[in-house]
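The values are calculated or read from the model by the stated rules, or taken from the named source; none is laboratory data. All figures in this text were calculated on a predicted structure; none of them were measured in a lab. Backbone-built Cβ (ideal geometry, glycine too); neighbour counts: all protein chains shown.
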Amino acid sequence: MKSCYLGIDLGGTNFKYGVLDPASGIRTFKTSPIADIAYPDKAVDKISGLIFELSKRYEIKSAGLGVPGLVDFKTGYIHSLTNLRRWKNLHFKKMLEEKVGLPVLIDNDANLAALAEYCLGSGEGSVNMLMVTLGTGVGGGLILNGQIYRGINNAAGEIGHIPLSLNGPLCNCGGRGCLEAYIGNKRLLAYLNRRLKKEKSILNNRSGQIELKDVSIAAQRGDNLSVDFWKYTAGKLAQALIGAVNLLNIDRIVIGGGISDAGPFLIRPLKEYLKCLAMDIQAKNVKIVKARFRGKAGVIGASLLAKHQNNMEA
């Protein structure tokens, strides 16, 4: 059997995994509801069973795990996961390694998505890159001078918790007015529903629950409210990104996560806001691009992390 590496992406909504074969890329990619591993002890059992089954087909050398929140990369200690309330103060690396008998590395999911895009995707060729993941939460991963930047406490990159207003809506992190409190999926849908009660839109003709992908389709059909909705989203996101550009002088911003499927309806106004409002020199060479790997970035990054660590120890 070939030596392979397991990548796991624990998101706010879904649990994803895949096996990296260095010769042929990601194999056996699958997704299941987060409810399957909502409790940490259930997650240990689930991952253990997963590795047992995969080991019948692959020689799993090590595993990488991305989590949506604060984790100490060096020790694998999970401080808290904002949108998974039961995941707090856990020596999760130790728990998992004792159960599965393999080396396990744990990092923030946006860091791993950034690693995937930087090495193999839309970030290739950049030097200083910011990855923004837009979904249930809003995550950020930084690549500075070719390396993941984690900060002194391994907690850097939380762009979703940059406050846009000190008196804004309460965020799941406990703060107020965070970017995530405006453009996390649930917050955007609530904003949309408020507008639909007062304004005309082809979305009002839909039966059943409206999803954000429906807004993208409506925008493509020329629905004014939907186009303006994505401009509103871009405006909120731009407030945080302009600060990042001015502060860090990055040369690439990669937009990933489900909301990125809005494509030009999100990216175009975002570019316009940065061109008009960011400082000229810092904004001069910034490219804003859509992520290449979409929903697979976290899994690819986690497996790359596992492979890199295994090569260092070999």
(message) Is it the case, given these coordinates, that Ala240 is closer than 25 Å to Val286 by Cβ, touching a residue at least 40 places away in the same chain (Cβ under 8 Å) and over 20 Å from the mean Cα position of the chain (by Cα)?
(response) no
(request) Would you mind finding the one in Lys231, Lys271, Lys200 that is among the basic types (Lys, Arg), at pLDDT 95 or above and outside any helix (DSSP H, G or I)? (result) Lys200
(message) What are the pairs with Cβ atoms under 7 angstrom where one residue, in the stretch 169-180, is outside the structural domain of Ala238 (by TED's automatic domain parsing) and the other, located anywhere, is aromatic (Phe, Trp, Tyr)? Sequence gap at least six, or different chains.
(response) none
(request) Considering (1) over 23 Å from Leu266 (Cα atoms); (2) surrounded by fewer than 20 Cβ atoms within 10 Å (Cβ to Cβ), say which one Leu65 fails and leave the rest. (result) (2)
(message) Which condition from (1) crowded, with 19+ Cβ neighbours inside 10 Å; (2) out of contact with any strand residue (DSSP E or B) (no Cβ under 6 Å at 6 or more places or on another chain); (3) part of a strand (DSSP E or B); (4) not small (Gly, Ala, Ser) is the one that Asp9 breaks?
(response) (2)
(request) For residues that are touching a Leu at 6+ places or on another chain (Cβ under 7 Å) and β-branched (Val, Ile, Thr), scanning just the stretch 142-177, find the one that is surrounded by the fewest Cβ atoms within 10 Å (Cβ to Cβ). (result) Ile162
(request) For the stretch 187-237, enumerate the residues that are of a type in the set (D, E, K, R) and touching a Ser or Thr at 6+ places or on another chain (Cβ under 7 Å). (result) Asp223
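Could you please find all residues in the stretch 30-41 being modelled with pLDDT of 85 or more and either surrounded by 13 or more Cβ atoms within 10 Å (Cβ to Cβ) or of a type in the set (Gly, Ala, Ser) (or both)?
Filtering the stretch 30-41 for residues modelled with pLDDT of 85 or more gives 30-31, 40-41.
Scanning the stretch 30-41 gives Thr31, Pro40.
Given the criteria within 20 Å of the chain's Cα centre (by Cα) and among the aliphatic types (A, V, I, L, M), does Ile281 qualify?
Working: within 20 Å of the chain's Cα centre (by Cα): no; among the aliphatic types (A, V, I, L, M): yes.
Considered against the rule, which asks whether it is within 20 Å of the chain's Cα centre (by Cα) and among the aliphatic types (A, V, I, L, M), Ile281 comes out as no.
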(request) With the condition kept exactly as written, say whether any residue in the stretch 250-258 is within 17 Å of the chain's Cα centre (by Cα) and assigned to a helix (DSSP H, G or I). (result) yes
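Quick one: which of Leu50, Leu102, Leu112 is closer than 30 Å to Val254 by Cα, surrounded by 15 or more Cβ atoms within 10 Å (Cβ to Cβ) and of a type outside the set (S, T, N, Q)? Working first, answer last.
On the way: Leu50 fails: closer than 30 Å to Val254 by Cα; Leu102 fails: closer than 30 Å to Val254 by Cα.
That would be Leu112, the only listed residue that is closer than 30 Å to Val254 by Cα, surrounded by 15 or more Cβ atoms within 10 Å (Cβ to Cβ) and of a type outside the set (S, T, N, Q).
Might you check whether a residue that is under 23 Å from Ile300 (Cα atoms) and part of a loop (DSSP other than H, G, I, E, B) occurs anywhere in the stretch 167-174? Before the answer, list the steps.
Step one: of the stretch 167-174, the residues under 23 Å from Ile300 (Cα atoms) are none.
No: the stretch 167-174 contains no residue that is under 23 Å from Ile300 (Cα atoms) and part of a loop (DSSP other than H, G, I, E, B).
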(request) State whether one or more residues within the stretch 21-29 are at pLDDT below 90, among the charged types (D, E, K, R) and assigned by TED's automatic domain parsing to the domain that holds Asn83. (result) yes
